[in-house]
Each structure stands twice: as C-alpha cells, then as structure tokens.
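Worksheet for the structure shown next.
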Amino acid sequence: MFIDVVSELCAKKGISVSSMCDKLSISRSALARWRDGSEPRNSTVKMIADYFGVSTAYLQGIEDA
C-alpha cells in the first residue's frame, strides 16, 4: 500500500509522515485518506518520489528499490 512505502521512506530519513506532508504542502486530510487506503493523485506521487529520490513505480509498489 502507498502509505506503507511512504512511512518506510520517512523512517529511513528520520522524519514523520506528517512532517513530510508539511514540507511538501500536502494536507492532513490527504494523509488520512491514504491511511484509509486511497491512492494519491499522480502529481502528488511524483512530488513525493522526487522528494525521496525514488521512482513513482517504487512508491506505488510496482517495482522494488
């Protein structure tokens, strides 16, 4: 699930998911929706992938690191 990958990347970077959302101007309601299983918009996936230096496919669980 998307939020699991993001949570893992945040942990490796030593930040919380909420902190990452604040840095990227992502709303807390979006974060809550992801935790409920919703998928983010493609533009949001791209922004987060760029932030962590990973591919969008990795974030979406399509490919391994």
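Here is a yes/no grid of residues against (1) under 16 Å from residue 4 (Cα atoms); (2) at pLDDT 95 or above; (3) surrounded by 15 or more Cβ atoms within 10 Å (Cβ to Cβ); (4) acidic (Asp, Glu):
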| site | (1), (2), (3), (4) |
| --- | --- |
| 19 | yes, yes, no, no |
| 24 | no, yes, no, no |
| 38 | yes, no, no, no |
| 41 | no, no, no, no |
| 48 | yes, yes, yes, no |
| 52 | yes, yes, yes, no |
| 62 | yes, no, no, no |
So which residues in the stretch 16-38 are under 12 Å from the mean Cα position of the chain (by Cα), outside any helix (DSSP H, G or I) and of a type outside the set (S, T, N, Q)?
24, 26
Can you find, within the stretch 46-65, the residue that is farthest from residue 20 (Cα to Cα) among those that are touching a residue at least 40 places away in the same chain (Cβ under 8 Å) and in a helix (DSSP H, G or I)?
58
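The values are calculated or read from the model by the stated rules, or taken from the named source; none is laboratory data. Computed from a prediction, not measured in an experiment: that's the story for all the values here. Quick reminder, even Gly has a Cβ in these numbers, built from the backbone with ideal geometry, and neighbours come from all protein chains shown.
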